[in-house]
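*Asks:* Pasting a structure below so you can have a look.
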Amino acid sequence: MSEPEPTVLISEAEVARRIEAIADLIAPRIDDETVVVCLLTGGLWFAADLTRALARRGKMVRFDALWLASYQDERKSSGRCEVRADLQRPIAGRKALVVDDVFDTGLSLSEAARLVRDSGAGEVMTAVFARKPWPIQRAMEPDFVAWEAPGRFLVGYGMDVAGRMRGLPYIGAMD
């Protein structure tokens, strides 16, 4: 059974505009020794576009990834975060920018920031493309947000439904 077409909430052109705007905010806060830590799998699209935008601003950051899982192909978080793959590069003493696609419960981003801090990063900052509203206070809030999203089930630009629709160049809603 195939999923219905999502309702477009933010176009490909608007995604690109917001990447440029957030890169303008981040660039003055980082240096070439900064390690961008992408949260896999959803954060890959945002991290790729953001690191290119930072390069256009003269910031040649390092890149690493953490693979954390809390959704397991479901539409709701399991409430726990499993580390499937850890950092591969030394991060001790460096600035780190943890990058993810969507800030929902805050579980993955909080866990990633903790893991990066525990690995010895000198400073840990966080950036998400989309921040969804949440009914209760989260343990942390991201330092940089490209888009204040509605409280809907989002797909595209890294966000998925059971592994599908991540590659859409826009962000849509499935509800």
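Taken together, the values in this text are just the output of simple stated rules run on the coordinates, not laboratory data. Keep in mind it's a predicted model, so treat the numbers as computed, not measured. Heads up, the Cβs are rebuilt from the backbone with ideal geometry, glycines too, and the neighbour counts pull from every protein chain shown.
*Asks:* Which residues does the label zone of R17 cover in segment 123-167, counting backbone N under 19 Å from a point 7 Å along Cα→Cβ?
*Replies:* 129-131, 145-150, 157
*Asks:* Taking the simple approach of a point 7 Å from Cα along Cα-to-Cβ for both V8 and D143, what is their distance in nm?
*Replies:* 3.4
*Asks:* Taking the 0 to 90 degree range and rounding to the nearest ten, how far is the long axis of helix 44-56 tilted relative to the main principal axis of the chain, both from C-alpha atoms?
*Replies:* For 44-56 against the chain, the angle is about 50 degrees.
*Asks:* If you line up the long axis of helix 107-118 against the longest principal axis of the chain, both from Cα atoms, how many degrees apart are they, to the nearest 10?
*Replies:* With rounding to tens, the tilt is 10 degrees.
*Asks:* Compute, for the chain, the length of the dipole vector about the Cα centre, with Cβ point charges of +1 (Lys, Arg) and -1 (Asp, Glu) only. Units Debye, rounded to 20.
*Replies:* Once rounded to the nearest 20, the dipole reads 260 debye.
*Asks:* Here is a follow-up. Based only on the alpha carbon positions, what is the Kirkwood hydrodynamic radius of the chain, in angstrom?
*Replies:* Working: mean 1/r = 0.0618 Å⁻¹.
16.2 Å is the Kirkwood radius here.
*Asks:* Of A113, P28, A69, which is farthest on the positive side of the dipole of the chain, counting Cα position, with +1 on Lys and Arg Cβ, -1 on Asp and Glu Cβ, and the Cα centre as origin?
*Replies:* Working it through, the farthest residue towards the positive pole turns out to be P28.
*Asks:* While we're on this one: Using only Cα atoms, tell me the angle between helix 12-26 and the longest principal axis of the chain; keep it within 0 to 90° and round to the nearest 10.
*Replies:* Result, in degrees: 30.
*Asks:* Exposure proxy check: L25, L40, L154, L66 ranked by fewest other beta carbons within 10 Å? Spell out each step's value before the answer.
*Replies:* On the way: L25 13, L40 16, L154 29, L66 23.
In increasing order of surrounding Cβ atoms, one gets L25, L40, L66, L154.
*Asks:* Hey, another quick one. Work out, step by step, the length gained on full extension between A162 and D118: first 0.36 nm times the residue separation, then minus their alpha carbon distance; give nm to one decimal.
*Replies:* The A162-D118 span can extend by a further 12.7 nm.
*Asks:* Determine, from the Cβ-Cβ distance of M60 and Y170 and an R0 of 25 Å, the FRET efficiency 1/(1 + (r/R0)^6), rounded to the nearest 0.05. Each step should come with its number before you reach the end.
*Replies:* Numbers: r = 29 Å, r/R0 = 1.15.
Approximately 0.30, to the nearest 0.05.
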